[in-house]
Amino acid sequence: MAKVDCDLSVSTVPTAPIAGQKPGTSGLRKKTKEFMSANYLANYVQSVFNTLIEMKTPVQGGTLVVSGDGRFWNPEAIQIIIKMAFAAGVGRVWCGTGGLLSTPAMSAVIRARGKGFESFGGFICSASHNPGGINDDYGIKYNCENGGPSPEKMTDLMVEWTAKIAEYKICDKIPDLDLSKPITYDLGDGKSVEVFDCVEDHLAVLKTCFDFDSIRGLISHPDFSMTYDCMSGVQGPYAIKIVEGELGAAAGSCKNAVPLPDFGGPESAWHGHADPNLTYAVELVRDMGLNKEGLPIASDKPIPKFGAAADGDADRNMILSSQFFVSPSDSLAMIVANSDLIPQFKDGLKGCARSMPTSGALDIVAKKKGIECFEVPTGWKFFGNLMDSGTHYFPDKKTYTPFICGEESFGTGADHVREKDGMWAVLAWLQILAKKTEKSGKLVTCEDVANEHWKEYGRNYYARYDYEGVDKAKSEEMMKMMSDKAGSLAGQEFGGMKMKTNDIFEYVDPVDGSVSKNQGIRYIFEDGSRIIFRLSGTGVAGATVRLYLEKYEAADGSLNQHQFEVVKPLAAIALELSQLQTYTGRETPTVIT
Ligand code: G6P
Ligand code: ZN
């Protein structure tokens, strides 16, 4: 315990509302310079505290977690939040070493650290996979006592506060604290800051989910090799400690494993977009012997048998085997199909869920296995209530846990935390491969698992087209034009395919009854093929139109075609239905994945 002699007096600083402080799919994200401008961060943080106090959260004397993904300006922002937390009455602040905590680790810390001192929530300083740096993006998310993102009723209150805020409070005489190594600072008056190893809590939770010995066995198999690209995001310390340390992967298996404030910046192969997909994870995709369409290319180096990548805050994952890409929708369905090989689910799965645009591969598995399956809007927060069913939050509700869920946007996870979890997804795959390898005696790869899966369940060919940085007003007009036609196209033919329904997706939460309207436009055809349009809720400038394409091929059909080719006829229909080229002036998407 290090005693810090400091003045804990609270300064009240007058301020005025700043327009546009409204969180999107995943917290508040803006240009870094906007966040750094006078009172911007303080207004938002104070609005969160005001909301918490209004909601009777035990802020007074309570424990709060503050950390982030290591991006530019995090060190400064974390010190400001600590000083404001004490001014709001917080008793103890927890930080990961270096101010680092991945998003799933934050969730694990909030839920599981220091029994008896559980924290009431945490601030994650991250804009996820968005580039970091003074000219790029900054973000902040508040997670609640269950370790999950704030629900909509809470973010609505925060937004109300941002519109009426008149002052914020800060203990501005507390000196900046060194967060680089584990230590506890005693600030006096019952207030303390505890810095702890950023990996330990997450690792402890993961150890309860998986059989580390069996994964170690796979990793030491003479035919096995792997690479894990951390893309200079926060996953580095976790990957080194867990994959190379605990599981014994060869030194150097974890690449780009030092967190950088700009995630490698413009000079990196991924131009600072620490986003694990076929377009941005350039180094990994090349090392796995693929091009950005996911097609095999010649390689002059040995190709690892298993490959993975994580985004800036390490909640996303991408999974590959040699010259083979596992699409995220398939990854989710395959993990659920093989969940009996994962100790976390030894007593059986009770529920699973996907976001609406994620392919229906999961539904087919769930139906065959008799597991309850939910379709929710895009955004991890929608999974939270399902995971909390049957707990002290919703004691009267039927429980859906143990539970697995995921999204097409490279997010997969389960109810061990309340965030998607990049490391969990990697370990889930390694666990499945380990158990199958133990059984068969020869090394089983992700490609083997996929082929076996499609032969049993059929294949949902899938692709997502992103049109990034398009004009916001024009893309909203386009969405409105399609919305106005909802319900009117059933029975009509498009490109030789008959439309079954076209609607606007709306979700009624089965646990708390809350309704989320306007969650994307769906065109569903007679043969089960789907075309979906959404506007991204995570962008910072302009708008991103997302177009999701899906075509189902039955188990006795042609299962080894290229996914991007199979969905091309659907893309042509989608462009006709949306008039996208006319509205946005774009001929081609910026990202296909
Ligand atoms: C974040 C959220 C996910 C969401 C993804 C894409 O990662 O946590 O739940 O699927 O963003 O969201 P967007 O609104 O950009 O499609
Ligand atoms: Zn992320």
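The values are calculated or read from the model by the stated rules, or taken from the named source; none is laboratory data. Since we're looking at a predicted model, the values are computed, not measured. Reconstructed Cβ throughout: ideal geometry from the backbone, glycine too, with neighbour counts over all protein chains shown. Only protein heavy atoms, including side chains, enter the accessible area calculation; ligands, DNA and RNA are left aside. Shrake-Rupley method; radii C 1.70, N 1.55, O 1.52, S 1.80 Å.
Return yes when residue 44 is touching an Asp or Glu at 6+ places or on another chain (Cβ under 9 Å), aromatic (Phe, Trp, Tyr), closer than 20 Å to residue 167 by Cβ and at pLDDT 95 or above and no when it is not. The answer is no for residue 44. Filtering the range 219-238 to residues that are open to solvent by less than 50 Å² (accessible area, probe 1.4 Å), more than 15 Å from residue 70 (Cα to Cα) and of a type in the set (Gly, Ala, Ser) leaves only 225.
Taking first residues from the range 3-25 that are within 16 Å of ligand 2 (Cβ to nearest atom) and partners that are open to solvent by less than 70 Å² (accessible area, probe 1.4 Å) and not in a loop (DSSP other than H, G, I, E, B), the Cβ contacts under 8 Å between residues at least 6 apart in sequence or on separate chains come to 23/141; 23/155; 23/158; 23/159.
In the range 304-328, the residues that are on the phi > 0 side of the Ramachandran plot reach residues that are among the β-branched types (Val, Ile, Thr) and more than 13 Å from ligand 1 (Cβ to nearest atom) with C-beta atoms within less than 9 angstrom, at least six apart or across chains, in these pairs: 314/234; 323/297; 323/303.
In this structure, is residue 359 among the hydroxyl-bearing types (Ser, Thr, Tyr) and in a loop (DSSP other than H, G, I, E, B)? Explain how you work it out, then say what you get.
Details: among the hydroxyl-bearing types (Ser, Thr, Tyr): yes; in a loop (DSSP other than H, G, I, E, B): yes.
Spelling it out, residue 359 is indeed among the hydroxyl-bearing types (Ser, Thr, Tyr) and in a loop (DSSP other than H, G, I, E, B).
Please find, within the range 20-43, the residue that is nearest to the chain's Cα centre (by Cα) out of those that are exposed (fewer than 13 other Cβ atoms within 10 Å of the Cβ) and within 24 Å of residue 381 (Cα to Cα).
Taking the candidates together, the pick is 22.
Taking the criterion of being touching a Lys or Arg at 6+ places or on another chain (Cβ under 8 Å) and within 16 Å of ligand 1 (Cβ to nearest atom), the residues of the range 1-60 that qualify are 23, 26, 27, 28. The set of residues from the range 174-187 being touching a residue at least 60 places away in the same chain (Cβ under 8 Å) and more than 18 Å from residue 84 (Cβ to Cβ) comprises 180, 181, 182, 183, 184, 186.
Considering the range 44-64 alone, what residues qualify as being open to solvent by 40 Å² or more (accessible area, probe 1.4 Å) and assigned to a helix (DSSP H, G or I)? Spell out the reasoning first.
First, pick out the residues of the range 44-64 that are open to solvent by 40 Å² or more (accessible area, probe 1.4 Å): 53-56, 58, 60-61.
Residues satisfying the conditions are 53, 54.
Looking across the range 309-353, the residues that are within 14 Å of ligand 1 (Cβ to nearest atom) and among the acidic types (Asp, Glu) come down to 311, 313, 315. When the criteria are applied in full, residue 530 fails the requirement of being touching a Lys or Arg at 6+ places or on another chain (Cβ under 6 Å), among the basic types (Lys, Arg), under 26 Å from residue 475 (Cα atoms) and in contact (Cβ under 8 Å) with a residue 12 or more places away in the chain. Residue check: is residue 127 closer than 19 Å to residue 391 by Cβ, aliphatic (A, V, I, L, M) and open to solvent by less than 10 Å² (accessible area, probe 1.4 Å)? No, not satisfied.
Assigned to a loop (DSSP other than H, G, I, E, B) and either surrounded by 23 or more Cβ atoms within 10 Å (Cβ to Cβ) or not acidic (Asp, Glu) (or both), is that true of residue 82? Judged against the criteria, residue 82 is not a match. Across the range 409-453, the number of residues qualifying as within 30 Å of residue 150 (Cα to Cα), in contact (Cβ under 8 Å) with a residue 40 or more places away in the chain and away from ligand 2 (no atom under 16 Å from the Cβ) comes to 5.
Taken over the range 265-315, residues that are surrounded by fewer than 17 Cβ atoms within 10 Å (Cβ to Cβ) and β-branched (Val, Ile, Thr) amount to 1.
Please pick out the residue among 98, 70 that is within 16 Å of ligand 2 (Cβ to nearest atom) and either modelled with pLDDT under 95 or not β-branched (Val, Ile, Thr) (or both). Quick ask: steps written out before the conclusion?
Details: 98 fails: within 16 Å of ligand 2 (Cβ to nearest atom).
Just a single option satisfies the conditions, and that option is 70.
In the condition set (1) open to solvent by 10 Å² or more (accessible area, probe 1.4 Å); (2) in a loop (DSSP other than H, G, I, E, B), residue 451 is compliant with all but (2).
Select, from 552, 523, the only residue that is open to solvent by less than 40 Å² (accessible area, probe 1.4 Å), away from ligand 1 (no atom under 16 Å from the Cβ), in contact (Cβ under 8 Å) with a residue 12 or more places away in the chain and in contact with a helix residue (DSSP H, G or I) (Cβ under 9 Å, 6 or more places away or on another chain). Walk me through how you get there before you give the answer.
On the way: 552 fails: open to solvent by less than 40 Å² (accessible area, probe 1.4 Å).
Answer to the check: 523.
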